[in-house]
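Colleague: Dropping the structure in here first, questions after.
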Amino acid sequence: MLYIDYEFPSVIVGFDPIRGEVRWRRPLGNIATDVEVDSTSHHVYATTSSFSGQQSTLFILDGATGRVLFTILTDAGDNGIALDMKRQQVYVASPDSGTVDVFTFLSGWQSGPIHIMLQRLRIGAHPQGLGVNSRLGRLYVADGTEHIVTVVDEESGHILVTVPIANGPLHPLRVDEATGRVYIVCSTGRELD
């Protein structure tokens with residue numbers, strides 16, 4: 001399955017590329033901001049923000065049917081998502097509030113009722129893009145105003161290093177766990193860092 005995020009109107013689509021057909025459509029909130037999928041559980045994670053910009057929502061969907069399994073409010077912004085399947089955590093960047101929400105699954109990562117613990121990290125002024133290296137236990141946070149990537153130890157939550165990058169980093173960041181490289185699109189800087 002391929003999952004497509006239509007920003008406006010906010011719709012997540014489950015597309016079957018083998019059959020060449022849309023299997024399901026799920027309208028969510030006002031503006032869809034990101035979508036990620038766990039290929040083992042087939043859960044789809046999507047964030048939306050409201051027109052008023054006052055709140056955002058993380059949705060967890062069944063990848064086969066599009067049924068909403070769980071919702072939880074997050075801080076406002078053009079939220080980006082990163083998954084750490086090894087640690088069973090979902091990260092949501094909230095650039096308007098300068099926070100990254102860490103949702104740790106207490107149960108329900110693969111199946112069953114979903115119970116989540118929330119921790120909120122303050123990382124930079126405008127955390128925008130997120131990426132995870134599960135093997136190293138590193139969270140990468142690109143800041144949209146400070147033009148840096150902050151590397152965070154997932155276990156302790158401590159900042160390990162900040163790295164300068166070009167202007168305008170966007171989510172999603174991509175991490176090659178085999179090489180340890182992190183790829184970031186910087187729109188204003190017109191480059192790939």
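The values are calculated or read from the model by the stated rules, or taken from the named source; none is laboratory data. Treat the numbers as computed from the prediction; the structure is a model and nothing was measured. When we count neighbours, we look across all protein chains shown, and the Cβ atoms used for this are built from the backbone with ideal geometry, even at glycine. Calculation scope for accessible area: heavy atoms of the full protein, side chains included, ligands and nucleic acids excluded. Shrake-Rupley method; radii C 1.70, N 1.55, O 1.52, S 1.80 Å.
Colleague: Return a yes/no flag: does segment 159-167 have any residue that is outside any strand (DSSP E or B) and touching a Ser or Thr at 6+ places or on another chain (Cβ under 6 Å).
Modeller: At the first step, the residues of segment 159-167 found to be outside any strand (DSSP E or B) are 165-167.
Going one step further and asking which of them are touching a Ser or Thr at 6+ places or on another chain (Cβ under 6 Å), we end up with 167.
Yes; the residues of segment 159-167 include at least one that is outside any strand (DSSP E or B) and touching a Ser or Thr at 6+ places or on another chain (Cβ under 6 Å).
Colleague: List pairs: first in segment 66-79 and free of Cβ contacts under 8 Å to residues at least 40 places away in the same chain and among the aliphatic types (A, V, I, L, M), second open to solvent by less than 50 Å² (accessible area, probe 1.4 Å) and part of a strand (DSSP E or B), Cβ under 6 Å, 6+ apart or cross-chain?
Modeller: Once the first residue is free of Cβ contacts under 8 Å to residues at least 40 places away in the same chain and among the aliphatic types (A, V, I, L, M) and sits in segment 66-79, its partners that are open to solvent by less than 50 Å² (accessible area, probe 1.4 Å) and part of a strand (DSSP E or B) give Leu73/Thr57; Ala76/Ser56.
Colleague: If we scan segment 93-102, do we find a residue that is open to solvent by less than 50 Å² (accessible area, probe 1.4 Å), in contact with a Pro (Cβ under 8 Å, 6 or more places away or on another chain), in contact (Cβ under 8 Å) with a residue 12 or more places away in the chain and within 19 Å of Val44 (Cβ to Cβ)?
Modeller: Of all residues in segment 93-102, those open to solvent by less than 50 Å² (accessible area, probe 1.4 Å) come to 93-95, 97-102.
From what is left, the residues that are in contact with a Pro (Cβ under 8 Å, 6 or more places away or on another chain) are 93-95, 98-100.
When the remaining residues are screened for being in contact (Cβ under 8 Å) with a residue 12 or more places away in the chain, the result is 93-95, 98-100.
Keeping just the survivors that are within 19 Å of Val44 (Cβ to Cβ) gives 93.
Checked segment 93-102: at least one residue is open to solvent by less than 50 Å² (accessible area, probe 1.4 Å), in contact with a Pro (Cβ under 8 Å, 6 or more places away or on another chain), in contact (Cβ under 8 Å) with a residue 12 or more places away in the chain and within 19 Å of Val44 (Cβ to Cβ).
Colleague: Can you tell me which of Leu130, Leu106 is in contact with a strand residue (DSSP E or B) (Cβ under 8 Å, 6 or more places away or on another chain), surrounded by fewer than 15 Cβ atoms within 10 Å (Cβ to Cβ) and assigned to a strand (DSSP E or B)?
Modeller: Details: Leu130 fails: surrounded by fewer than 15 Cβ atoms within 10 Å (Cβ to Cβ).
Going through Leu130, Leu106 in turn, the sole match is Leu106.
Colleague: Oh, and also: Would you confirm whether any residue within segment 141-151 is at positive phi and either surrounded by fewer than 21 Cβ atoms within 10 Å (Cβ to Cβ) or outside any loop (DSSP other than H, G, I, E, B) (or both)?
Modeller: Narrowing segment 141-151 to residues at positive phi: 147.
This time we only want the ones that are either surrounded by fewer than 21 Cβ atoms within 10 Å (Cβ to Cβ) or outside any loop (DSSP other than H, G, I, E, B) (or both), so: 147.
Yes; the residues of segment 141-151 include at least one that is at positive phi and either surrounded by fewer than 21 Cβ atoms within 10 Å (Cβ to Cβ) or outside any loop (DSSP other than H, G, I, E, B) (or both).
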